Amino acid sequence: MEYDLVLFGATGYTGQLCAKYLAATYSSKKTDGEVRWAIAGRSRPRLEAMRAALSLSCDVLVADTGDRDSIDAMARQARCVANLVGPYLRLGGEVVVEACVRNGTCYVDLTGETAFYATLVDKYHEAAQRTGAIIVPSAGFDSVPGELTAYLAARALQRSDPDDEIVDAYAGISTFGWFSSGTLESILVMASEGRGDMVRSNRPDWLSPVRGGPRQQNKFELARYHSAFARYGAWLFFAPHNTRVAYRAWGLARTAAADAPVRYSDAYQYQEAIVTPLWLLTVVTSIVVKLFTQSLVLFPLLRAGLSAVLPRNGGPPDIINTRLGFMDVRTVVTTQKGRTAVCRLYSRGDPGYYVTSRMLIETGLSIAQTPRDQLTPLARRGGVFPSSLAAGEVLAQRLRSNAHFDVSLT
């Protein structure tokens, strides 16, 4: 393969953040421990203008989801494609995945669209196993933080007692940053186009190969105490999607027998919440967010109005993106015997942009550069995976060493 990583859709705001991070962290010339990468998109002039403006030394590739041959050519040249062109249901994300799977190329993206993720599971998981392609949707703020920290805490607990199954994971999320227009656009697409019957059913086990029991059913709580923060957690926008991704990890591990890196109970429960300083604020936040989300599903005029006013291709002020923004995730994991562990994932920077771009790049490089025998047993065969089952400890170490995240266990 000519490139370790190709950024497809690189001229957008998040794509430029990814390119800046790659240029600052890795050389574009392939040497030991470094990365050979390229930027790709529909318009060569725009790509070359971006390369000049950012003083990049990477190559430029022209590829368009309306031209399958160009997408296929891009996939053939890459160990991994990072797709930044969303919303993925609407803008041809499946075309890119299909080309990657056919060529045995790994793939990562930033989707928060459960219907798109479900399409990849239904149509490409088995095909990816045949070609060895590792496909990791939702490799940014949706859905890495809670799902990866739950995995790392579970692994730590089972190193000391392998037979003690995991029964509960509760991710508390504290953030400050800019609301991502891409996230809201994904919510709008899901509500209007993305298999609305499944969206409305709110099934947490939608992406899992194993049907969940009573503890995997959706449970809306106005406020749940989070011991690692000593605060209460409120319901949040992206919890339904992230919960489904976490239950995919649970379901795949349940069906993997000896290859499972974590032993989950059949009654395993995953939850996540945004922590707030006051109980009353938690309750109000939960009610407002839940009502707004349900309104998006029920009222097309509301979706149309929001879509019309969404800012395009913009991001937060630099002071928020790089200095004031932060993400602090603490996930408490409990075993059948009542033992607990907490995994913390912390980074400065806006969660939806600065932090997301680094998680996407490091997930892609984890599966592109790491020898297969150092990945999880499940990932070695290829398929559609959450970040934890694709890269696990490899990703955690890269986030520590290269992106300067704090990843710690207590």
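The values are calculated or read from the model by the stated rules, or taken from the named source; none is laboratory data. Just so you know, these numbers come straight off a predicted model, no measurement behind them. Counting neighbours? That spans all protein chains shown, and the Cβs are built from the backbone with ideal geometry, glycine included.
Can you find even one residue in segment 172-184 that is modelled with pLDDT of 95 or more, part of a helix (DSSP H, G or I) and either closer than 26 Å to VAL297 by Cα or acidic (Asp, Glu) (or both)? No; the residues of segment 172-184 include none that is modelled with pLDDT of 95 or more, part of a helix (DSSP H, G or I) and either closer than 26 Å to VAL297 by Cα or acidic (Asp, Glu) (or both). Scanning segment 131-156 for residues that are of a type in the set (D, E, K, R) and either within 11 Å of THR363 (Cβ to Cβ) or crowded, with 24+ Cβ neighbours inside 10 Å (or both) turns up ASP142, GLU147.
Given the structure, is VAL121 in a loop (DSSP other than H, G, I, E, B) and either assigned by TED's automatic domain parsing to the domain that holds ARG372 or closer than 19 Å to THR363 by Cα (or both)? No: the conditions fail for VAL121. Here's a check for you: in segment 96-118, which residue that is among the β-branched types (Val, Ile, Thr) and not in a loop (DSSP other than H, G, I, E, B) is nearest to PRO351 (Cα to Cα)? Checking each candidate, the answer is VAL108. Where strands (runs of 3 or more DSSP E) fall entirely within segment 1-83, those with at least 2 residues that are assigned by TED's automatic domain parsing to the domain that holds ASN402 and small (Gly, Ala, Ser) are at 37-41, 78-83. Can you confirm whether segment 137-145 contains a residue that is in a helix (DSSP H, G or I) and touching a strand residue (DSSP E or B) at 6+ places or on another chain (Cβ under 7 Å)? Yes: one or more hits. Taking the listed residues ARG380, ARG323, the one that is under 30 Å from ALA257 (Cβ atoms), surrounded by fewer than 17 Cβ atoms within 10 Å (Cβ to Cβ) and free of Cβ contacts under 8 Å to residues at least 40 places away in the same chain is ARG380, with no other qualifying.
Within segment 266-282, the set of residues being more than 22 Å from VAL329 (Cβ to Cβ) and either small (Gly, Ala, Ser) or in contact (Cβ under 8 Å) with a residue 24 or more places away in the chain (or both) comprises ASP266, ALA267. Just so you know, in segment 366-406 the residues that are closer than 20 Å to ALA154 by Cβ and of a type in the set (S, T, N, Q) include one that is farthest from the chain's Cα centre (by Cα), and it is GLN374.
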